[in-house]
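The values are calculated or read from the model by the stated rules, or taken from the named source; none is laboratory data. Quick caveat: nothing in here was measured; it's all calculated off a predicted structure. Here the Cβ positions follow ideal geometry from the backbone for every residue, glycine too, while neighbour counts run over all protein chains shown. For accessibility, only protein heavy atoms count, side chains too; no ligands or nucleic acids. Shrake-Rupley method; radii C 1.70, N 1.55, O 1.52, S 1.80 Å.
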Amino acid sequence: MKRKIIDCRRLLCPMPVIRVQTAVESLPDGAQIEAICTDPGVLTDIPAWSRINGHKLIEAREEDGEYIVVVEVDHGKQ
Amino acid sequence: MTKQRKAAALISGGLDSLLAARVMQEQGIHVEGINFYTGFCVEGHTHAIRKKDRQKEKRNNALWVAEQLGIKLHIVDIVEDYKQVVLNPKHGYGANLNPCLDCKIFMVSKALEWIKSKDFDFIITGEVIGQRPMSQRKETMPVVADESGAEDLLLRPLCARNLPETLPEREGWVDRQQLHDFSGRSRKPQMALAAKFGFEDYAQPAGGCCFLTDAQYSVKLADLWRARGDKQYEMDDIMLLKVGRHLRPAPHFKLIISREEGEGNFLRGYRHQYPHLTTVSHPGPLALIDGDVSAADIELAARLVARYSQGRSEEEVVLAFTDIEGHQQALKVRPLQPHEIPREWVI
Ligand code: SF4
């Protein structure tokens, strides 16, 4: 499974969401994006953004003071 | 079959943009939201900084609005381009450093670029005539439409019946009779419409959608420009204006002193960019120093920071000064007393 890791440390919301959004645009359905963040707001914002735009949230967790959110791309039928 | 028409809605996260988009959906228009991130938006950040704010369940209101509507939301980073709006607003500032009219024009012009690239038909906003003293007046409505270049592709569903017909109305994509004629500062019509659509728990920002409407914030931004002798800012500058106590003991430097643990953690992230002070002998804040400082300035800064430590009533407090290369130096100082801190230092 293709997984792209994006470093969103020190970025405050909504910048991590924007980074995920940009990454999603260039990836095919089924690819995954792992965002590594330090703003706890991403645990609500990235899942909300994914739900709204039809992408699949794989996981959202805290690990060693960082927040990891994984999203699977689904562009749907346009 | 008639073509399904598509509108891009400017979504700030407040009630008006929520309603405007919903009114369009009622008429069978496909709506997607655009939310512009200027760097000054109230959404986001602050909750990440202050520990006490973290406990509150927070949400990004623009995302929340999109979810209520069941529409896609595109968050667009306009931080760089937006600087010209804040630094040189053609139509000036509002009560504080909020360039609302220029801001609206700019956002609609960006939305226009967006709809052209995505093959959407028109733009909607939640503007209401007379709602805001600076940017939402009868005279400013055509200014936004003209200067943004959107002209009659800009429809304001909540007050359209008080305005000239737009293209979507003329072409019959939307029915003008089902649009609204709200005007004035009253929020009652919006609240009634929200109740009709079953929306609850929506955000109603008092001043506006960004920090530039905040008096305290604007004072700090103006101070920054004055001190640098240049109206400029970087992302880090405008983030730091939201955090801590800001004191300027001399024109050439200021201190940003954390007020609690969350702010201390946030400021720690900047310790490689700014010289800083921490207390050693007593628990106390972290303070960043913005400006070029002499040994005497550092001593004064240390005495000031000691004032905000738990050693404030002691004869002596030990602090560590660290420059941006990481060189450390210990300082033993007597904390300043409240009467030794002129009011003008506090920004
Ligand atoms: S409050 Fe801020 S974001 Fe809203 S219109 Fe005014 S300047 Fe723009």
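Values as computed for the structure displayed
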{"item": "Where a label projected 7 Å from the Cα of residue B:152 along Cα→Cβ would reach, residues of segment B:108-140 with amide N under 17 Å", "result": "B:121-124"}
{"item": "Estimated [θ] at 222 nm from DSSP helical runs (n ≥ 4, -39500 (n - 2.57)) normalised by residues in chain B, nearest 500", "result": "-10000 deg cm²/dmol"}
{"item": "Dipole in debye (nearest 20) - segment A:3-77, about Cα centre, beta carbon charges: Lys, Arg +1; Asp, Glu -1", "result": "240 debye"}
{"item": "FRET efficiency estimate (nearest 0.05) - Cβ-Cβ, residue B:200 to residue B:170, R0 30 angstrom", "result": "0.25"}
{"item": "Inter-chain shielding of B:231-239 (mean C-beta neighbours from other protein chains, 10 Å cut-off)", "result": "1"}
{"item": "Heavy-atom SASA rank of A:13, B:209, B:103 (probe 1.4 Å, accessible area, largest first)", "result": "B:209, B:103, A:13"}
{"item": "Residue mean of other protein chain beta carbons inside 10 Å, A:10-22", "result": "6"}
{"item": "Gain on full stretching of the segment that runs from residue B:219 to residue B:273 - 0.36 nm per residue minus C-alpha separation", "result": "17.1 nm"}
{"item": "Heavy atoms of residue B:147: accessible area, 1.4 Å probe, square angstrom to 10", "result": "80 Å²"}
{"item": "Where B:117, B:294 fall by accessible area, highest first, once all protein chains stay in place (1.4 Å)", "result": "B:117, B:294"}
{"item": "Rounded percent of accessible protein surface that carbon and sulfur make up, segment A:3-77, 1.4 Å probe", "result": "48 percent"}
{"item": "The protein assembly as shown: C-alpha gyration tensor shape, a/c 1.5 cut-off, then a/b vs b/c", "result": "prolate"}
{"item": "Sum of -39500 (n - 2.57) over DSSP H runs of 4+, divided by residues of chain A (222 nm, nearest 500)", "result": "-9000 deg cm²/dmol"}
{"item": "Where labels lie 7 Å past Cα in the beta-carbon direction, separation of residue B:138 and residue B:80 in nm", "result": "4.3 nm"}
{"item": "Exposure of residue A:45 as accessible area (Å², to 10), given a probe of 1.4 Å and all protein chains", "result": "0 Å²"}
{"item": "Rounded to the nearest 10 Å², the accessible area of residue B:239 at probe 1.4 Å", "result": "10 Å²"}
{"item": "Where only alpha carbons of segment A:3-77 are counted, the Rg and the Dmax (Å)", "result": "11.0, 38"}
{"item": "Overall form of segment B:6-211 per C-alpha gyration tensor (a/c, 1.5; a/b vs b/c)", "result": "rounded"}
{"item": "Average other protein chain Cβ within 10 Å of Cβ, residues A:49-58", "result": "3"}
{"item": "By accessible area with a 1.4 Å probe, ligands and nucleic acids excluded, highest first: order of B:2, B:278", "result": "B:2, B:278"}
{"item": "Three-way shape call for segment B:243-345 based on the alpha-carbon gyration tensor, with the a/c threshold at 1.5", "result": "rounded"}
{"item": "Buried accessible area, chains A and B (both chains, 1.4 Å probe, Å² to nearest 100)", "result": "1800 Å²"}
